[in-house]
Amino acid sequence: MAKRLDIKDLNLFYGKFHAVENVSLAVPPKNVTAFIGPSGCGKSTVLRSLNRMHEVAPGARVEGKVLLDGEDIYASTVDPVEVRRTIGMVFQRPNPFPTMSIRDNVVAGLRLAGVKDKKKLDEVAERSLRGANLWNEVKDRLDKPGGGLSGGQQQRLCIARAIAVQPDLLLMDEPCSALDPISTLAIEDLITELKKEYTIVIVTHNMQQAARVSDQTAFFNLLGVGQPGQLIEVDDTEKIFSNPGQKATEDYISGRFG
Amino acid sequence: MNDPVVARRPARSGEPGAERGVAAAPHASEAPIPPTPEAPETPKAPHVRPGDRIFRGLATGSGVFIVALIGAIGLFLIVQAIPSLGLDNVNFLTSREWNTSNPEDLRFGILDLLLVTVVVSILALLIAMPIALGIALFLTQYAPRKLARPFAYVIDLLAAVPSIVFGLWGLFVLGPELYPVSQWLVDNLGWFPLFAKGNVNLQLGATVFTAGIVVAVMILPIITAVSREVFERTPTMHVEGAIALGATKWEVVRTTVLPFGKAGYVSASMLGLGRALGETIAVMIILSTATSAFGWSLFDGGATFASKIALAAPEFNDPRSAGAYIAAGLVLFVLTFVVNAIARSIVAGHKEYE
């Protein structure tokens, strides 16, 4: 539950390509940190390294440490599958499993972890769907396939699926980029609520969104094509958007806002 | 992140395409055609352009042609079969007798042929399906990329081996080699009808058992190739979703690849079954003709529709006798249609991914 995240000297590679260089930052528990920056600057790559999804790509490599409450998830004794079971992830496009019912989608993670007790699973399904503000909309059709929901509902279903395991950390990779403004608003409200219980890292291209939902903002940038992405600065969201420490941050933010 | 850009590209390149006789795509699903640098034609007539009309005509013509062809084949079979069916002195569907040597007294029924055909094909399918599934999953999920490609080529190559070669292999190599296995099955499981002592010499292995195994090898490539293609298309977002939930490799396969590929795998198997039903030369060489009727044992001999017809082909000198075989061909034709229809309905039942 809601652990503290520390990233130390993280370097990420795709084969020989050095994708991200020397990232260090800290995320306190029950806090929302937003990653912003131009396309290709490595923010999604960093996010994917936080639950060991980065290494799924062929040739991908990680150097450095990612600590959850002081424990390195890249320690040699750690099983990546176990890491992913305790960290929730929400993707850019809603990806409920189309052949599974809504209920089965929500408890998919628990099932993988070996929970079989039907009563427990039903309880978790209800709690998670309530947590994702979806319960009232789907409570009468829990046995229908998840693919029948609207895009925004599907994304909340994916959030319910991610929080069903009560993750130590919740990762969101541009969770609203495929949604309409109303669904986006629903998700943003949800993030604000989820913050009470979970540590959240969110990648977003929408700077208003970063400003609205996050406590802390990290700005990533790319010095040039073929160069590794870098963390330029990380600070309180308010400070980043009003008085950033770096020129590059200010240029990026004002360029979009202006 | 890049999706919107990629998605927009076809629309852009479609605009210049409109000037080149290929007209703007009526369906969003049409593949984008990259604009060629040749000089644009005069863009005055916005209605149907000649290129469009010609292509449409060709496409429609091909479609009509194939339907007409199938209809013509069916019609041919029916027209040729009816006179002989009228002269048949036994029940065509339920008799096990097949005697067409005397055109004045035709006695032919397909039951035996049907049983042998179905048993050989089902046996082949039962052997080939799990192996093909394993190969397809191995190639798409487990094999290192460097290995997967050449391995897939080898499997495809298997499909290119002429069936006569498989037949010879079955007759001279596999049949005799199987003798210890079949002897053991007869000795120990002989009480079960499928493994009972058959009506041909077990030592030569000219049995339904051997034929089924050979046909299994022959349909393996097609089932594998189609399943592989389908499994490869499992949406990355579902695979990643499963991985992010902490699924192991096998759990990823079980929660995403298999549900996604199930319909494709079933139709691949039905394609294989279609091939197995019609397989002629290999089965003809392997199976020895039996004097007594098919008794449900894998160690029986006999003939399938196709092998029976092929065996008799040199003796089609009387149209009345030939008509009997054409009637058998008609049944095979209908059988493959039914199999395909079943496959279609299974596929249609799994629309979640479309």
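The values are calculated or read from the model by the stated rules, or taken from the named source; none is laboratory data. Fair warning: this is a prediction, and the values are worked out from it, not measured in the lab. All Cβ positions, even for glycine, are placed from backbone atoms using ideal geometry, and neighbour counts span all protein chains on display. Ligands, DNA and RNA are excluded from the accessible area calculation, which covers all protein heavy atoms including side chains. Shrake-Rupley method; radii C 1.70, N 1.55, O 1.52, S 1.80 Å.
Can you pull out every residue in region A:110-142 that is open to solvent by 30 Å² or more (accessible area, probe 1.4 Å) and within 14 Å of chain B (Cβ to nearest Cβ)?
Once the filter is applied, which keeps residues that are open to solvent by 30 Å² or more (accessible area, probe 1.4 Å) and within 14 Å of chain B (Cβ to nearest Cβ), region A:110-142 yields A:R111, A:A113, A:G114, A:V115.
Can you spot a residue in region B:291-306 that is part of a helix (DSSP H, G or I) and not hydrophobic (A, V, I, L, M, F, W, C)?
No, region B:291-306 contains no residue that is part of a helix (DSSP H, G or I) and not hydrophobic (A, V, I, L, M, F, W, C).
Step by step: first the residues of region B:191-215, then only those that are in a helix (DSSP H, G or I) and aliphatic (A, V, I, L, M), then the one that is surrounded by the fewest Cβ atoms within 10 Å (Cβ to Cβ). Which residue is that?
B:L194
Looking only at region A:72-90, count every residue that is open to solvent by 60 Å² or more (accessible area, probe 1.4 Å) and at the interface with chain B (Cβ under 8 Å from one of its Cβ atoms) and tell me the total.
1
Would you please name the residue that is nearest to the other protein chains (Cβ to nearest Cβ), looking only at residues in region A:91-109 that are among the polar types (S, T, N, Q) and either open to solvent by 20 Å² or more (accessible area, probe 1.4 Å) or over 19 Å from the mean Cα position of the chain (by Cα) (or both)?
Residue satisfying both the conditions and the ranking: A:T99.
Could you grab me the full set of residues in region A:215-245 that are polar (S, T, N, Q), within 14 Å of A:P38 (Cβ to Cβ) and open to solvent by 50 Å² or more (accessible area, probe 1.4 Å)?
A:Q227
Scan B:M270, B:M237 and give me the residue that is surrounded by fewer than 24 Cβ atoms within 10 Å (Cβ to Cβ) and more than 14 Å from chain A (Cβ to nearest Cβ).
Residue meeting the stated conditions: B:M270.
Just name the residue that is modelled with the lowest pLDDT out of those in region B:273-315 that are of a type in the set (V, I, T) and surrounded by fewer than 16 Cβ atoms within 10 Å (Cβ to Cβ).
Among them, the one singled out is B:T291.
Which ones in region A:229-245 are under 19 Å from A:H205 (Cβ atoms) and either over 22 Å from the mean Cα position of the chain (by Cα) or in a helix (DSSP H, G or I) (or both)?
Those that are under 19 Å from A:H205 (Cβ atoms) and either over 22 Å from the mean Cα position of the chain (by Cα) or in a helix (DSSP H, G or I) (or both): A:T237, A:I240, A:F241, A:P244.
Of the numbered conditions (1) out of contact with any strand residue (DSSP E or B) (no Cβ under 7 Å at 6 or more places or on another chain); (2) modelled with pLDDT of 90 or more; (3) open to solvent by 80 Å² or more (accessible area, probe 1.4 Å); (4) within 30 Å of B:D300 (Cβ to Cβ), B:V67 satisfies every one except a single condition; which is it?
Looking at each condition in turn, B:V67 falls short on (4).
Quick check on my filter: what residues within region B:316-345 are exposed (fewer than 15 other Cβ atoms within 10 Å of the Cβ) and in contact (Cβ under 8 Å) with a residue 24 or more places away in the chain?
B:P319, B:I342, B:R344
Do we find that B:T210 is farther than 30 Å from A:D79 by Cα and of a type in the set (S, T, N, Q) in this structure?
Considered against the rule, which asks whether it is farther than 30 Å from A:D79 by Cα and of a type in the set (S, T, N, Q), B:T210 comes out as yes.
Scan region A:151-159 and tell me whether some residue there is over 16 Å from A:I191 (Cα atoms), modelled with pLDDT under 95 and either open to solvent by less than 60 Å² (accessible area, probe 1.4 Å) or more than 10 Å from every other protein chain (Cβ to nearest Cβ) (or both).
yes
Among B:A148, B:A152, B:A132, which is touching a Leu at 6+ places or on another chain (Cβ under 6 Å), open to solvent by less than 60 Å² (accessible area, probe 1.4 Å), over 20 Å from B:I286 (Cα atoms) and without any contact (Cβ under 8 Å) to a residue 60 or more places away in the chain?
B:A148
Can you tell which of A:A178, A:A164 is open to solvent by 10 Å² or more (accessible area, probe 1.4 Å), within 13 Å of chain B (Cβ to nearest Cβ) and more than 29 Å from A:E63 (Cα to Cα)?
The unique qualifying residue is A:A178.
B:D156 - would you say it is among the charged types (D, E, K, R), modelled with pLDDT of 90 or more and part of a helix (DSSP H, G or I)?
no
Scanning region B:181-209 for residues that are at pLDDT 90 or above and polar (S, T, N, Q), which turns out nearest to B:M284 (Cα to Cα)?
B:T207
Would you mind stating whether A:P145 is more than 19 Å from the chain's Cα centre (by Cα), of a type outside the set (D, E, K, R), open to solvent by 60 Å² or more (accessible area, probe 1.4 Å) and within 20 Å of B:A242 (Cα to Cα)?
yes
Hey, does region A:165-180 have a residue that's touching a Phe, Trp or Tyr at 6+ places or on another chain (Cβ under 7 Å) and small (G, A, S)?
no
If I filter region B:246-267 down to residues being open to solvent by less than 40 Å² (accessible area, probe 1.4 Å), on the phi < 0 side of the Ramachandran plot and of a type outside the set (V, I, T), which single residue comes out as farthest from the chain's Cα centre (by Cα)?
B:A247
Is there any pair with a first residue in region B:222-236 that is farther than 12 Å from B:A132 by Cβ and a second that is aliphatic (A, V, I, L, M) whose Cβ atoms are under 7 Å apart and which are 6 or more apart or on different chains, and what are they?
These pairs meet every condition: B:T234/B:V257.
For B:I164, state whether it is surrounded by 15 or more Cβ atoms within 10 Å (Cβ to Cβ), in contact with a helix residue (DSSP H, G or I) (Cβ under 6 Å, 6 or more places away or on another chain) and in a helix (DSSP H, G or I).
no
So how many residues does region B:91-147 have that are of a type outside the set (K, R), farther than 19 Å from B:L258 by Cα and part of a loop (DSSP other than H, G, I, E, B)?
So the count comes out to 16.
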